[in-house]
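Take a look at the structure below.
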């Protein structure tokens, strides 16, 4: 609401939450960052499992890819492929494979940017899925790797070229996101 | 040194990915939280919020069946949820402005991008605790008071304590002019 508009339309439902009292912040001054350090240490301990977790995510991506190859890029298979790629895009970095995250980001962009997903060339999807498998297999983690970088850039360029020629999604990707 | 007694807080985590839930649970547990409920989709998340009334809800956006936006929409309907004022942190790989603004329009309290760090989770939780916002019901919006953009001190004194920019839906064509979808809004405040 802009200044000057009537405030009568506004109903204050409830005062702000009282979590500050509930957590009873003790002491004064800067917040103690021990909690963050403890969490970072716990995540570091957990990181020994990340390689296996990424393998599971890539297996899932492979399964959803197989389903799309069998049934076409139609719901619910297209949505499942999008979600599995999106999960690697989101967590690939945490799992130590930012390159895999980049490639899956490119796949998400492809799936989320065009109105008619059924027109997307299956080879373009195959290339992304195969590339993610390959970088994990070969342990190529970051964009510093010349071949890995070249593959990621080429896939990104192919996606951009395709999107330019295809009709955009109505909400520019929200459909896939939901 | 100020210490937050995290063990007094309860959380609900809604994400269809078990690895993400595990990461979040590890982070929250390390902070000291012990009451942590988990749900793997929006419907189960809604059930968890209704049943357990967590202090803070952390939800993913992209989920099967009932996504994060639908979950927030249902929660922020007092007739649809018994805990409609719960602070909500939306966790997502969709960092574009349009998603941030949609989240804001629906009444999300904080926005957290994947991949997340322990520190980024901590900062969002701290923000909810230390900067609590009044809850508003205004022209179809039901959610926390929006943070106003920085204003001149004089204007701050004279403005009503309501959203500086009402979360009205702007025409789509206007949005596309204003927002660059490629912008990363990790640091944006809702």
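The values are calculated or read from the model by the stated rules, or taken from the named source; none is laboratory data. Since the structure is predicted, the reported quantities are computational estimates derived from the model, not experimental observations. Using ideal geometry, Cβ is built from the backbone for each residue, glycine included, and neighbour counts are taken over all protein chains shown.
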Identity of the residue in the stretch B:114-125, surrounded by fewer than 21 Cβ atoms within 10 Å (Cβ to Cβ) and within 7 Å of chain A (Cβ to nearest Cβ), that ends up modelled with the highest pLDDT: B:119
Residue match in the stretch B:66-85 (condition: within 12 Å of chain A (Cβ to nearest Cβ) and either more than 22 Å from residue B:140 (Cα to Cα) or without any contact (Cβ under 8 Å) to a residue 24 or more places away in the chain (or both)): no
Any hit, the stretch A:18-32, residues being surrounded by fewer than 15 Cβ atoms within 10 Å (Cβ to Cβ) and within 22 Å of the chain's Cα centre (by Cα): no
The lone exception for residue B:94 - which of (1) modelled with pLDDT of 95 or more; (2) within 11 Å of chain A (Cβ to nearest Cβ); (3) under 17 Å from residue B:120 (Cβ atoms) it fails: (1)
Pick from the stretch A:85-100, criterion more than 8 Å from every other protein chain (Cβ to nearest Cβ) and in a helix (DSSP H, G or I), ranking: surrounded by the most Cβ atoms within 10 Å (Cβ to Cβ): A:85
Residue match in the stretch B:99-106 (condition: modelled with pLDDT of 85 or more, out of contact with any helix residue (DSSP H, G or I) (no Cβ under 8 Å at 6 or more places or on another chain), within 12 Å of chain A (Cβ to nearest Cβ) and under 21 Å from residue B:20 (Cα atoms)): no
Residue A:77, sole failed condition from (1) closer than 19 Å to residue B:93 by Cβ; (2) in contact with a helix residue (DSSP H, G or I) (Cβ under 7 Å, 6 or more places away or on another chain): (1)
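For the stretch B:91-107, which residues satisfy the criterion of being under 19 Å from residue A:87 (Cα atoms), more than 10 Å from the chain's Cα centre (by Cα) and not in a loop (DSSP other than H, G, I, E, B)?
B:92, B:99
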Residue in the stretch B:66-81 that is touching a helix residue (DSSP H, G or I) at 6+ places or on another chain (Cβ under 6 Å) and closer than 21 Å to residue B:7 by Cβ present: no
Elements of type strands (runs of 3 or more DSSP E) contained in the stretch B:1-76, each with 1 or more residues being over 14 Å from the mean Cα position of the chain (by Cα): B:10-14, B:35-39
Residue that is closer than 25 Å to residue B:92 by Cβ and under 13 Å from the mean Cα position of the chain (by Cα), where the choices are A:163, A:88, A:120: A:88
